[in-house]
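Asks: One structure, as structure tokens, below. Some questions next.
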Amino acid sequence: MALGGGYFKTTYASDLALVDTRLRRVALAALVAALLVLPRLTSSFVLDLAAQVALAAIGALALNVLTGLAGQISLGHAGFICAGAFTTAALVEYGVRSPWAALAGAAAVGAALGLMVGIPSLRLRGLYLALGTLAMHHVVLYVASELQSRWGANTGYSIPPPRVGALTLRGTVTWYYVLTGLAALTLCFAANLQRSRAGRAWMAIRDREIAAASVGIDVARYKVLAFVCSSMVTSVAGALFAFQRGFVSVEAFGFLVTVEYIAMIIIGGLGSALGAVLGAAFVTLLPYVIDALVAGLKLQAGAEYYLFPAKFGAFGLLMALFLVFEPQGLVGIWRRVRNWFLLWPFRYRPLRSTS
């Protein structure tokens, strides 16, 4: 990877540093400053979109650990989110007001579901593994719908704003800061997890499972660990979704949510934490961009009815295009653009064969 002239890694500490150059430290400081002052410069609608992107990034980073690093296919991501949201709703319904207890409960339920899916997955691969996780998704939604019909007044659960000490988490600006901060922590966790022993083991299993086992990697243990880590973080994202929205209904966790998260990691770039964040931003903002384009065209009122399915069909089309033309996703495009600027003007055209 090109880092430009003058940057040489001479110690293990510099090699392991996430922000290892002066330019990157300056860019990171500028990004943090921009995120801090954003509420003073824009509207509440834009802040709400930014909060949605941050929440989606947490779920996308969790799925990237399972699918991008460990190579395990999952169609049950929406089920894990639903489990975390309804665990939070049930705890609040039974009088648990501490958000920390609700987050811990959601993480525990997510870990249990990860074990329940991860252990049988040791005997499943490919399409069979995908169908197994999809079965879990439907089981979780069935249990959630039963809870909703019996104790949720057939419409869902209302959740009051959580309190952290003397602070009540209410309002667009507050949730923007909370979700952006938690997304940043999740990004750091995912980036460091990828560089850990478990992350290296997951990538070895993803690339060649037999070779990984031959060098002493406990394949079964690390596969189950991938499911547990991913499901825990995903369930916590579901709990945050419940607290932010203040209302939980089973209709919000259909299979389309899983498709959206799969689109995030594929379009962003499989196996990359930055790619998961870029994919989350792209997929979250895409429907609003389509709405703005349709509104700008000023078409007839009936045309919007026919263009509405384009929002959902665009995910499948974009996934196919990225798989064919850009397998590395948005992060691959970003790396090429960055390297072009880092190497300029010492970039030469490759020699062409004259034969």
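The values are calculated or read from the model by the stated rules, or taken from the named source; none is laboratory data. No experiment lies behind these values; they were computed from the predicted model shown. Cβ coordinates were reconstructed from backbone atoms using ideal geometry, including for glycine residues, and neighbour counts include every protein chain displayed. Each accessible area value is taken on the protein alone, full model and side chains, heavy atoms only, with ligands, DNA and RNA left out. Shrake-Rupley method; radii C 1.70, N 1.55, O 1.52, S 1.80 Å.
Asks: Compute the acute angle (0 to 90°) between the alpha-carbon long axis of helix 22-41 and the principal axis of greatest extent of the alpha-carbon atoms of the chain; round to the nearest 10°.
Replies: 30 degrees
Asks: Next question, about the same structure. Can you work out the accessible area per residue across the chain, with the rest of the protein chains kept in place, probe 1.4 Å, in square angstrom?
Replies: For the chain, the per-residue accessible area is 55 Å².
Asks: Could you state the angle between the C-alpha long axis of helix 197-207 and the longest principal axis of the C-alpha atoms of the chain, as a value from 0 to 90 degrees rounded to the nearest 10?
Replies: 80 degrees
Asks: State the label only: which of (i) 5, 25, 37, 26, 6, 0; (ii) 6, 26, 33, 22, 10, 3, 0; (iii) 5, 21, 31, 26, 13, 3, 1, 0 corresponds to P(r) over Cα pairs in 10 Å bins from 0, in percent computed from the shown model?
Replies: (iii)
Asks: Within 12 Å, Cβ to Cβ, of residue 18, how many net charges do the neighbouring residues add up to if Lys/Arg are +1 and Asp/Glu are -1?
Replies: Values: positive: 24, 25, 195; negative: 15, 20.
It works out to a net charge of +1.
Asks: Which residues make up the longest stretch of the chain clear of chymotrypsin sites (Phe, Trp or Tyr not before Pro) that lie in a DSSP loop with no more than 13 other Cβ atoms within 10 Å, not counting the sites?
Replies: Numbers: sites that count: 8, 94, 346, 348.
That would be 95-345.
Asks: Heavy atoms only, probe 1.4 Å: what % of the accessible area of the stretch 42-343 goes to carbon and sulfur, would you let me know?
Replies: Working: 10020 of 14540 Å².
The nonpolar share, carbon plus sulfur, comes to 69 percent.
Asks: Can you show me the helix-derived [θ] at 222 nm for the chain, built from DSSP H runs with n ≥ 4 at -39,500 (n - 2.57) apiece and divided by the number of residues, rounded to the nearest 500.
Replies: -24000 deg cm²/dmol
Asks: Let me ask you something else. Taking the full set of protein chains and a 1.4 angstrom probe, give the accessible area of residue 159 in square angstrom, rounded to the nearest 10.
Replies: Ignoring ligands and nucleic acids, residue 159 comes out at about 10 Å².
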